[in-house]
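S.K.: Before I ask anything, let me first share the structure, which is written out below as structure tokens.
The values are calculated or read from the model by the stated rules, or taken from the named source; none is laboratory data. None of the values given here were measured: they were computed from a predicted structure. Please note: Cβ atoms are built from the backbone with ideal geometry, for glycine as well, and neighbour counts cover all protein chains shown.
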Amino acid sequence: MAVKRLPNGLKVGVKGKPTCSWAAGDAGYQIYHDDEWGRPVGDNIRLFEKLCLEGFQAGLSWLTILRKRENFRKAFKGFDFKKVARFGEKDVDRLLQDSGVIRHRGKIEATINNAQRALEMVKEEGSIAAFIWRYEPDPKGRPKKLTKKALMKLTQVPESAALSKELKKRGWRFVGPTTMYALMQAMGMVNDHIDGCHVRDVVEKERKKFKRPS
């Protein structure tokens, strides 16, 4: 039987519901898409984890990162940046031998560096969340109808470029404007579930109820 084509680039997911096409073919992806991606986050450690994992994802597929996520959490002390900031060369060597994570020296060292910068940010700004949420894109600049075609053009926005520039100025690494836009998508700063996706409206309701950190 031929599979019914859905409008707007949607696909039927593993739950039999219209879903963003990138999540439709894998059960793990579907769970992440349905339960986490785009849901607003204001917790410092969760944001630090997302920021680090987006950095590790650079040049790779997100599914690769997702499948190693629990290994990453174990290797990086639950992404508690207070603990990661104390990592030294022995920890770098240990992580380079750990097949459960991405064994890329630059990204590992960047994670440790960023943990140290996170401590500075909390001291200076009050929290990571309060700082990052200042860069929430203006709703007026968002597409009126989010189609797959429109989404493909949203690899970065002025706000992600500004966030990237400021983080780099503060000494953060692997925080380019495209990576920062991916962070915005993941942490619910934008709702990039395309129109017709079965969780888009649910995510939007959560975003409206979410109290922005200050």
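S.K.: Can you report the number of residues in segment 90-133 which are charged (D, E, K, R) and either part of a loop (DSSP other than H, G, I, E, B) or within 29 Å of residue 189 (Cβ to Cβ) (or both)?
M.R.: Counting residues in segment 90-133 that are charged (D, E, K, R) and either part of a loop (DSSP other than H, G, I, E, B) or within 29 Å of residue 189 (Cβ to Cβ) (or both) gives 9.
S.K.: Please identify the pairs in which a residue from segment 48-75 that is at pLDDT 95 or above has its Cβ atom under 7 Å from the Cβ atom of a residue that is surrounded by fewer than 19 Cβ atoms within 10 Å (Cβ to Cβ) and not in a helix (DSSP H, G or I), counting only partners at least 6 apart or on another chain.
M.R.: Once the first residue is at pLDDT 95 or above and sits in segment 48-75, its partners that are surrounded by fewer than 19 Cβ atoms within 10 Å (Cβ to Cβ) and not in a helix (DSSP H, G or I) give 68/100; 71/100; 75/98; 75/100.
S.K.: Give segment 19-49 a look and list any residue that's surrounded by 20 or more Cβ atoms within 10 Å (Cβ to Cβ) and not in a loop (DSSP other than H, G, I, E, B), or say none.
M.R.: If the condition is that a residue be surrounded by 20 or more Cβ atoms within 10 Å (Cβ to Cβ) and not in a loop (DSSP other than H, G, I, E, B), then 19, 23, 29, 33, 34, 44, 47, 48, 49 are the ones that fit.
S.K.: Further question: Tell me which of these residue 173 doesn't satisfy, since it passes every other one: (1) in a loop (DSSP other than H, G, I, E, B); (2) surrounded by 19 or more Cβ atoms within 10 Å (Cβ to Cβ).
M.R.: (2)
S.K.: Return the pairs, sorted by first residue and then second, in which the second residue is surrounded by fewer than 24 Cβ atoms within 10 Å (Cβ to Cβ) and of a type in the set (D, E, K, R), the first residue lies in segment 181-197 and is in contact (Cβ under 8 Å) with a residue 60 or more places away in the chain and part of a helix (DSSP H, G or I), the beta carbons are less than 8 Å apart, and the residues are 6+ apart or on different chains.
M.R.: If the second residue must be surrounded by fewer than 24 Cβ atoms within 10 Å (Cβ to Cβ) and of a type in the set (D, E, K, R), the pairs left are 183/50; 185/192; 186/36; 186/50.
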